[in-house]
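Nothing in this text is a laboratory measurement; each read-out follows from the coordinates by a stated rule. Quick caveat: nothing in here was measured; it's all calculated off a predicted structure. Glycine gets a Cβ as well: all are built from the backbone with ideal geometry, and neighbour counts include every protein chain shown.
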Amino acid sequence: MNLQSTDFELFGVPARFAQDRAQLDVRWKELQREVHPDRFASQGAAAQRAAMQWSARINEAYQRLKDPQRRAAYLCELNGAPIQAENNTAMPPDFLMQQMELRERLDDAHSAEALDEIDDEARQLGRDMLQKIERQLDQDKDWPGAAQSVRALMFLDKLAADVGRRHETLESR
């Protein structure tokens, strides 16, 4: 194993968006067993520290690979199309109009049913976006397009979180 390996190389899986979560889980457990610090107890403190570094690196890779949004962003970055969400919020006009409409509906929502409807729509849009991202990454190799789609997915995730907060506010009244 090499600390400089990509997450995909570390886990021995293809560098693509579509991944088998169960396979990732099994591989994570295998890798953690290999580098568990207790296995290096007889080799001294330096070997245990190295094992701890490996363990942290494996956990970091696992967290990124198991999360579709983080995995997509990572693939984009590996292929020269960083997400840059902090300073690149450019989105297609139709997506922005859709977001504005959903935000207005959220502002006007005063019942759990209205919030559920917005939440359902946002989650469906998120699922659709994940399918688009998979196609862009695995089939089309459209790294810049996928990066824009990942940024759109981040918008949708924020909307879903805001809907959740509104639900909490409504329930606490």
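Quick notes on this one:
- Coil-residue trypsin sites (Lys or Arg not before Pro) of region 1-62, DSSP, other Cβ within 10 Å capped at 15: Arg16
- Computed from Cα positions, the angle between helix 143-171 and the longest principal axis of the chain comes to roughly 70 degrees.
- For region 1-153, size of Cβ-based charge dipole, Lys and Arg +1, Asp and Glu -1, in debye: 1060 debye
- Debye, to nearest 20: dipole size of region 61-106, +1 on Lys, Arg Cβ, -1 on Asp, Glu Cβ: 280 debye
- Cα shape, region 1-82, gyration tensor, a/c 1.5 rule: prolate
- Dipole magnitude for region 93-171: about 420 debye, using +1 per Lys or Arg Cβ and -1 per Asp or Glu Cβ, origin at the Cα centre.
- Cβ-based net charge around His110, under 12 Å, with every Lys or Arg adding one and every Asp or Glu removing one: 0
- Positive end of the dipole of region 93-171 (Cβ unit charges, origin at the Cα centre): among Leu106, Ala160, Gln148, the Cα lying farthest that way belongs to Gln148.
- Our note on the geometry: Cα centres of region 24-64 and region 127-149, 32 Å apart.
- Lys/Arg +1, Asp/Glu -1 at C-beta; the chain dipole; positive extreme among Leu65, Ser55, Gln136: Ser55
- 0 to 90° range, to nearest 10: angle between helix 93-108 axis and the chain longest Cα axis: 70 degrees
- Where a label projected 7 Å from the Cα of Arg103 along Cα→Cβ would reach, residues of region 69-94 with amide N under 20 Å: 84-94
- MRE, 222 nm, helices only [DSSP H, n ≥ 4, -39500 (n - 2.57), over the chain, to nearest 500]: -23500 deg cm²/dmol
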